[in-house]
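Here's the structure, in structure tokens; my notes come after.
The values are calculated or read from the model by the stated rules, or taken from the named source; none is laboratory data. What you see is a predicted model, and the numbers here were worked out from it, not measured in a lab. Because the Cβ atoms are built from the backbone with ideal geometry, glycine has one as well, and the counts that use them run over all protein chains shown.
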Amino acid sequence: MSLPVPAASRGALLVLGLAIAVRLAVFPFADNKHGDAPMRALIAERMNLEPASAANPRTYCQFGPLHTALMRPFLALDPCAPRSSRYLSLLAGVAVFFPFRRLARRLVGSFRADLAAFGLALSPLAVQAATTAASEALYLLLFIAALERLLAGVADPRPGPFAVAGLLASLAAVTRYDAWLAVPAAAGAAWLWAEHRPGLGRGLLIFLGSAALLPLAWVVWGGLRTDDPIFFAHYITQDHANLAANAVARYGALVGRVRQLGIWVLSFVAAMTLPLAVGAAVGCRRWRRLSPAMRIVLAAALVPPALYLAKGLCFLSFEPLSRFALVPGVLLLPLAATVVPTARARAFRATVAATAFGFSAAVLVAAWARPGRIWTGAESMGMLTRLDAEDRALADYLRAHRRPGEHVMLEPLAFSEIAIAHAAGVPMTESVTLTVTREPAATVAASVASTGARWIAGYAQPGGWPTRLPDWPSDALAFGGWRLAPR
């Protein structure tokens, strides 16, 4: 005789099933393109090919080391890197529902926790993160689990929950650096707004001390093995400053600021769906009536994007990317669920589903419908990310015809050369643009002589290689705008 399943459990299982179904449906068609996904996969692949490279912090580039390290076993099990590099994200993108529902239940109860989880199941950015090799899915899992344990410690100040929360936060902090801002914000909010039960102060110190372990080790290791212990921070700061400067040069300061606000708003819609984003905005207006636990979560969610926004608006030195809204948007989902009348829950779910799929379809139409290459800014907000047709054609040809060990030189083109190398199965050790130089010599012959490249590809645009190198072969193969010099 089967035991009856409580309604709350049935709701949670249905949401989990929906999340799995959507992610499995998107996974076969998704490409590593946004969120530095192809670069992370190439780094993990290089470490498998050259294990000694993992001993140098700069091998990880500007990225936190945990995500790359955990990706390596999947690449070792399945040699198809464009597929196996995404297994970790898929697992994390499903596993996150367990700590998320526990966290949401602490905040808003079982019924509204299921509503919040429904929003997570259909979040366009969450689906994208779970189906590509970007680090957001793993970070979301670790950070939500850390927050749930932190709230458990705040409710019952014992050392155990605080220590577990800190260790999870420490893992999150060496996955993505957002945690370096969010963790102190959460601890500060707990000290300000939680009931000061005996042991709270000691517990928060345990939390912060545990959370600092791996970031401190990462900085110390960087200082011992490189000339700059925080090289990653300098790289990230400069990279975003360059992106912001390019945007200001193109749009001007005033339009650039308005554009930043627009990106953030659309990104939160992509992370939450439109009805839940509106619900969160309404819920935040009720700040004085929010519980201490909700305030802690909101502080952890909103402090990092608030600082990024201030840096972008005040100094024009930060360029927002849509994925930066994923984690704060997900953490706002329980608050958003509180504004939904119980009697309208079914209609609300239908509206969330319609807007989630409708938004993803709309951004794909905007990205793919215009002439030329895909508009990556629009595509990066939807569930599905795909390589440009010409990039895929070049990658497929190289995968089919390049022999192992042959080096490939790809002209830099808005970072698409990295995605092409990854899709073509060209490891970092054999990709000239990533390991030797990003600039061609004066002639094709000189580039071949200096780099050992057997394949050279340039893009047919003003200033591209095919137009400025005098010995570019007339019989070069064409893949859309790409031109590939035969061996």
Exercise. Which condition number in (1) buried (at least 18 other Cβ atoms within 10 Å of the Cβ); (2) among the aliphatic types (A, V, I, L, M); (3) under 27 Å from the mean Cα position of the chain (by Cα); (4) outside the structural domain of residue 458 (by TED's automatic domain parsing) is the one that residue 340 fails?
Worked result: (3)
Problem set entry | Unmet requirement for residue 391, which otherwise passes all of (1) over 26 Å from the mean Cα position of the chain (by Cα); (2) under 28 Å from residue 60 (Cβ atoms); (3) outside any loop (DSSP other than H, G, I, E, B) | (1)
Seminar exercise, completed: Scanning the stretch 306-348 residue by residue, those outside any helix (DSSP H, G or I), aliphatic (A, V, I, L, M) and touching a helix residue (DSSP H, G or I) at 6+ places or on another chain (Cβ under 6 Å) turn out to be 316, 339, 340
Problem set entry | Matching option when the condition is over 16 Å from the mean Cα position of the chain (by Cα) and not polar (S, T, N, Q), among 133, 145, 137, 129 | 145
Exercise. Can you find even one residue in the stretch 364-377 that is closer than 15 Å to residue 261 by Cα and outside the structural domain of residue 417 (by TED's automatic domain parsing)?
Worked result: yes
Problem set entry | Residue count, the stretch 270-305 (criterion: surrounded by fewer than 21 Cβ atoms within 10 Å (Cβ to Cβ), among the β-branched types (Val, Ile, Thr) and under 19 Å from the mean Cα position of the chain (by Cα)) | 1
Exercise. Any idea how many residues of the stretch 457-471 are buried (at least 18 other Cβ atoms within 10 Å of the Cβ) and over 12 Å from residue 413 (Cα atoms)?
Worked result: 2
Exercise. Can we say residue 73 is free of Cβ contacts under 8 Å to residues at least 12 places away in the same chain, assigned to a loop (DSSP other than H, G, I, E, B) and out of contact with any Phe, Trp or Tyr (no Cβ under 9 Å at 6 or more places or on another chain)?
Worked result: no
Exercise. Hey, any hits in the stretch 84-93 for a residue that's closer than 30 Å to residue 292 by Cα, touching a residue at least 12 places away in the same chain (Cβ under 8 Å) and either in a helix (DSSP H, G or I) or of a type outside the set (Asp, Glu) (or both)?
Worked result: yes
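Rundown of residues vs (1) buried (at least 17 other Cβ atoms within 10 Å of the Cβ); (2) over 21 Å from residue 171 (Cα atoms), yes/no style:
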position: 69; (1), (2): no, no
position: 72; (1), (2): yes, no
position: 86; (1), (2): yes, no
position: 90; (1), (2): yes, no
position: 97; (1), (2): yes, no
position: 101; (1), (2): yes, no
position: 115; (1), (2): yes, yes
position: 121; (1), (2): yes, yes
Exercise. If we scan the stretch 296-305, do we find a residue that is under 22 Å from residue 247 (Cβ atoms), assigned by TED's automatic domain parsing to the domain that holds residue 26 and either without any contact (Cβ under 8 Å) to a residue 60 or more places away in the chain or part of a helix (DSSP H, G or I) (or both)?
Worked result: yes
For this session: Give the residues of the stretch 56-79 that are at pLDDT below 95 and over 20 Å from residue 236 (Cβ atoms), sorted by residue number.
Result: 79
